[in-house]
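Undergrad: Just passing along the structure, written as structure tokens.
No value in this document is a laboratory result; all are computed from the given coordinates. In this text, all values refer to a predicted model and were calculated from it rather than measured experimentally. No Cβ is skipped: glycine too gets one built from the backbone with ideal geometry, and neighbour counts run over all protein chains shown.
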Amino acid sequence: MDRRTAIWLGVFGGVLALAVLLRLVVGPAGLGWPSDATVLGLRGTRVLTGVIVGGSLGAAGVMLQALLRNPLASPDLVGVSAGAGFGVMVSFALGAAAGQGAIPLLGLGGPALVGGAGALLVVFALSQRRGLVDPVSMILVGVILSIVLGSASMLLRQALPDRGLLAARWLLGDLSDDVSRSQLLWGGVICVVGVGVGAWLGRAMDAASMGEDEARSVGVPLGGLRATLFLGGGALTASTVVLAGPIGFVGLVAPHVVRLVMGPSHRALVVGAALAGAALVVGADAAIRLVELPGGRPPIGAITSLIGGPLFILLLRREMGRGA
């Protein structure tokens, strides 16, 4: 690792530390360190959840961009988040039909993973053009699929006995105060393993980004690499949906911010994007605590979308300009 990369990783780590500190001191009464151990514990749980969710989404964004060889790819824009959310909502609906009410989020990792992987397969298949993934087609298919799956999730929510009050805010993407230790444990393990695997595959992703012939010439097993990136990106995204619902644009914003200052090397990019994504989610959670609207505090997904939407438009215009 060169000195410049180490410095920037330190910068992103410092930004994350500041976001964590800010979230711990922000409360309903303003800024101040909580004197009650219970309050500190609740804030600490939200911070840990935000770190896991943001880190996983940042790393998943890098993996999907490398898999599809498209800088516009991210878990929400290619339908993975919506697919995982739909899988979770199906589990809620099945639980209600069985007379159990809403199934607790623990144990929904399987449906989330199946839904996210299925959505990614559909997008990958329908965006092929002459054997390659067309960037504009991928975005169009991903956005349309996300809208369809999002609407289906809303219909399932309305069909629940209590109109899905438990799932309503979750569908918008938000951190919860009552995440269990087992959920945090599994989410943390998936995040750490996913970031580690992504960093380990960094050189292979660098070679694959130059083209299939170049990658094969240096001995990169493209089939195995693509399968690993597919499963890794899907597992990371599914775990975040289980913990916090579908939070948009983190997997797009974090990799691009890091790529701008650190370059395209995937080994450092995966770690940097995980740090930046964690800082973004924790910082957004702190920001909404400072804003009290008449209807209550906005979900985190609204903040990240306000940040990521304009960036996505700029990136899309640049990609379309290159293809012209």
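Undergrad: Taking amide H positions as placed 1.01 Å from N in the peptide plane, with prolines and chain starts having none, which residues 5 or more places from residue 27, or on another chain, fall under 5 Å of its amide H?
TA: When sequence neighbours closer than 5 places are left aside, the close amide H contacts are 32.
Undergrad: Give me the percent relative contact order of the chain, please, defined on Cα pairs under 8 angstrom at least 6 residues apart.
TA: Numbers: 534 pairs, mean separation 105.5, N = 324.
It comes to 33 percent, rounded to a whole number.
Undergrad: Next up: How many angstrom separate the Cα center of the range 39-99 from the Cα center of the range 251-308?
TA: What the calculation gives is 13 Å, centre to centre.
Undergrad: Show me the ranking of peptides 7-13, 265-271 by mean Cβ neighbours inside 10 Å, starting with the highest. Show your work: numbers first, answer last.
TA: On the way: 7-13: 15.9, 265-271: 23.7.
Order by mean packing, descending: 265-271, 7-13.
Undergrad: Would you list the membrane-span-like helices of the chain, meaning whole DSSP H runs whose alpha-carbon atoms span at least 30 Å along their axis and whose mean Kyte-Doolittle value is at least -0.5?
TA: Within the chain the helices that satisfy the rule are 3-25, 37-68, 135-159, 222-244, 266-289, 300-323.
Undergrad: Please get the size of the charge dipole for the range 1-78, origin at its Cα centre, with Cβ charges of +1 on Lys and Arg and -1 on Asp and Glu, quoted in debye to the nearest 20. If you can, show how the numbers build up before the last one.
TA: Details: 6 positive and 3 negative charges, 28 e Å.
Its charge dipole is roughly 140 debye.
Undergrad: For the chain, set up a GNM with springs between Cα atoms under 10 Å and report which of 305, 35, 182 has the largest fluctuation.
TA: So, out of 305, 35, 182, the one fluctuating most is 35.
Undergrad: Could you sort 66-78, 274-286 so that the peptide with the highest average Cβ count within 10 Å comes first and the rest follow in order? Don't skip to the answer; put the middle values down first.
TA: Working: 66-78: 25.5, 274-286: 28.5.
For the peptides 66-78, 274-286, the packing ranking is 274-286, 66-78.
Undergrad: Still on this structure, I have one more. Comparing 304, 38, 49, which has the greatest mean-square fluctuation in the GNM of the chain with Cα pairs linked when under 10 Å apart?
TA: Comparing 304, 38, 49 in the GNM, the peak value goes to 38.
Undergrad: Shifting gears a bit: Of the labelled options (1) 59, 48, 35; (2) 60, 59, 40; (3) 114, 40, 36, which one gives Cα extents along the principal axes in Å as computed for this structure?
TA: Given (1) 59, 48, 35; (2) 60, 59, 40; (3) 114, 40, 36, the structure-derived one carries the label (1).
Undergrad: If the elastic network links every pair of Cα atoms under 10 Å, which of 110, 58, 309 fluctuates the most in the Gaussian network model of the chain?
TA: With Cα springs under 10 Å in the chain, the top fluctuation among 110, 58, 309 is at 309.
Undergrad: Based on DSSP H runs of at least 4 residues, each adding -39500 (n - 2.57), what is the mean residue ellipticity at 222 nm of the chain after dividing by all its residues, to the nearest 500 deg cm²/dmol?
TA: Values: 13 runs with 241 residues, N = 324.
Mean residue ellipticity at 222 nm (helix-derived): -25500 deg cm²/dmol.
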